[in-house]
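The values are calculated or read from the model by the stated rules, or taken from the named source; none is laboratory data. As the structure is a computational prediction, the values presented were derived from the model and not from experiment. As a convention, Cβ positions derive from the backbone with ideal geometry for all residues, glycine included, and neighbour counts pool all protein chains shown. Calculation scope for accessible area: heavy atoms of the full protein, side chains included, ligands and nucleic acids excluded. Shrake-Rupley method; radii C 1.70, N 1.55, O 1.52, S 1.80 Å.
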Amino acid sequence: MELDISGAKILFSLPVKLPVLGQLRISETIAVSWIVMLVITGCCIWMTRDLKVQNISRRQAAAELIVEKAEHFVTDHMGRDFGRLVPFIAALFSTSLVSNLISLTGLRSPTADLSTEAAWAAVVFVMITASKIKANGLGGYLKGFTAPIPVLTPFNILSELATPVSMACRHFGNILSGLVINGLLYAALGLASSALLGRLPGVLGDILSSIPVLSVGIPAVLSFYFDWFSGFMQAFIFCILTVMYISSAAEKN
């Protein structure tokens with residue numbers, strides 16, 4: 001999709017259809033998601049090679065530190081009974097983080113596609129529902145929709161369904177807004193550079209006006225926030241919400 005602002009075109013990379021493989025259509029989001037999974041898998045294999053009990057390498061020390069932090073994150077917020085969820089939460093965080101940061105390489109971040117966050121939120125929603133049923137039984141779970149009075153049942157159902165929607169849209173909106181702001185900034189700086197350098201006389205002005213000089217350096221400052229800080233924070237927020245929702249669902253009513 002192209003947005004024309006005073007002659008400048010801002011390109012927003014929407015899902016692009018790649019060649020069809022038989023009856024299967026592979027979108028750009030799916031392709032980059034597989035790259036993300038390969039990167040994470042490769043890092044895990046590299047960091048866990050040649051594990052030792054004594055005289056461990058820095059690579060193994062870093063791997064053990066990551067595992068320890070993941071265990072503390074889950075057990076501190078959910079209790080030791082939920083230690084089984086450590087691999088899931090760690091995988092969710094690493095996938096979200098790498099997906100957010102992969103835009104630094106020029107690839108389109110999978111998290112800029114709502115379908116990615118929607119899939120994650122759907123998985124979390126199933127886990128939340130399963131925890132509620134396990135804690136209160138199917139009858140207790142269904143009865144919870146009638147509390148505190150039966151007339152509120154439709155609103156309680158909507159509130160239940162709003163949980164995955166809000167999780168998906170929050171993550172998606174923050175990532176997409178960063179892409180849009182960066183695109184607008186590049187366009188604005190390109191126009192400013194053309195207008196400023198175009199005032200130079202003769203051929204020099206014609207040549208320099210076509211080079212977006214002002215686009216070098218300035219966007220990198222915002223990229224530090226939108227790509228690095230915001231990418232890390234959105235991954236953390238999604239995981240902390242997952243932990244809180246699941247632990248709350250496991251409590252008996």
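Computed on the stretch 28-135, the Cα convex hull volume stands at 123 Å³ per residue. Distance between the 7 Å Cα→Cβ label points at residue 180 and residue 34: 3.1 nm. Computed with a 1.4 Å probe over protein heavy atoms only, the accessible area of residue 40 comes to about 30 Å². A crude spin-label estimate for the pair residue 45 and residue 152, with each label 7 Å from Cα along the Cβ direction, gives 5.3 nm. With contacts taken as Cα pairs under 8 Å and at least 6 residues apart, the stretch 32-107 reaches a relative contact order of 36 percent. Multiplying each eigenvalue of the alpha-carbon gyration tensor of the stretch 117-215 by 5 and taking the square root yields semi-axes of 58, 13, 6 Å, largest first, rounded to whole angstroms. Among 159, 145, 197, flag the residue with its Cα farthest along the positive direction of the charge dipole of the stretch 113-207, charges on Cβ as +1 for Lys/Arg and -1 for Asp/Glu. Going by the Cα projections, it comes out as 145.
Its Cα centre serving as origin, the stretch 53-139 has a Cβ charge dipole (Lys and Arg +1, Asp and Glu -1) of approximately 100 debye. Between residue 53 and residue 143, the modelled label-to-label distance comes to 5.3 nm, taking each label 7 Å out from Cα in the direction of the beta carbon. The relative contact order of the stretch 11-163, computed from alpha carbon pairs under 8 Å that lie at least 6 residues apart in sequence, is 18 percent. Extension gain, residue 68 to residue 192, is 39.7 nm, computed as 0.36 nm per intervening residue step minus the present C-alpha separation.
By the scheme Lys and Arg +1, Asp and Glu -1, what is the net charge of all other residues having a beta-carbon under 14 Å from that of residue 116?
Around residue 116, the surrounding residues sum to -1.
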